[in-house]
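The values are calculated or read from the model by the stated rules, or taken from the named source; none is laboratory data. Just so it is clear, the structure is predicted and the values come from calculations on it, not from any experiment. With ideal geometry, Cβ positions are generated from the backbone for all residues, glycine too; neighbour counts draw on all protein chains shown. Heads up: the accessible areas ignore ligands, DNA and RNA and are worked out on the full protein's heavy atoms, side chains in. Shrake-Rupley method; radii C 1.70, N 1.55, O 1.52, S 1.80 Å.
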Amino acid sequence: MSLSFPARFMLAAAMNPCPCGYFNDKSRECMCTPPMIQRYVAKISGPLLDRIDIHIEVRRCSTRSCAVAQRPRLSADSRRVMAAREHSANA
């Protein structure tokens, strides 16, 4: 028997490039051996990787550059939700 369940979702996943997390990093040297990295990456199964459409490598950002990141601007809907939550908390 085969069943199909309709679903619309977005999966966002993250993982380190190696067990120590410093492979291809400019700030620190990776201490992992190639077999260690291969075993680490192999933990994610092929069928799961086949279903992920976009793979993006994101480099580490410095603490200083992350700390000065601007706060995101709130949309009108977000402001209404925040005002409603505040109003219900004060009621």
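Carbon and sulfur: what percent of the range 1-78's accessible surface (1.4 Å probe)?
On the way: 4480 of 7890 Å².
Carbon and sulfur together cover 57 percent of it.
Could you work out the relative contact order of the chain, using alpha carbon pairs under 8 angstrom and six or more residues apart, expressed as a whole percent? Walk me through the numbers before you get to the answer.
On the way: 26 pairs, mean separation 14.8, N = 91.
So the answer I get is 16 percent.
Relative to the longest principal axis of the chain, what angle (0 to 90°, nearest 10) does the C-alpha long axis of helix 76-90 take?
70 degrees
Sorted from largest down, give the three principal axis spans of the alpha carbons of the range 1-40, whole angstrom values.
Sorted from largest, the Cα extents of the range 1-40 read 49, 22, 10 Å.
State, to one decimal in nm², a quarter of the convex hull surface area for the C-alpha atoms of the chain, i.e. the direction-averaged projected area.
Values: hull surface 48.6 nm².
Over every viewing direction, the Cα hull of the chain projects on average to 12.1 nm².
Could you sort the peptides 56-65, 36-45, 14-23, 76-85 by per-residue average Cβ neighbour count (10 Å cutoff), highest mean leading?
On the way: 56-65: 8.2, 36-45: 12.3, 14-23: 14.6, 76-85: 10.1.
Peptide ranking by packing, descending: 14-23, 36-45, 76-85, 56-65.
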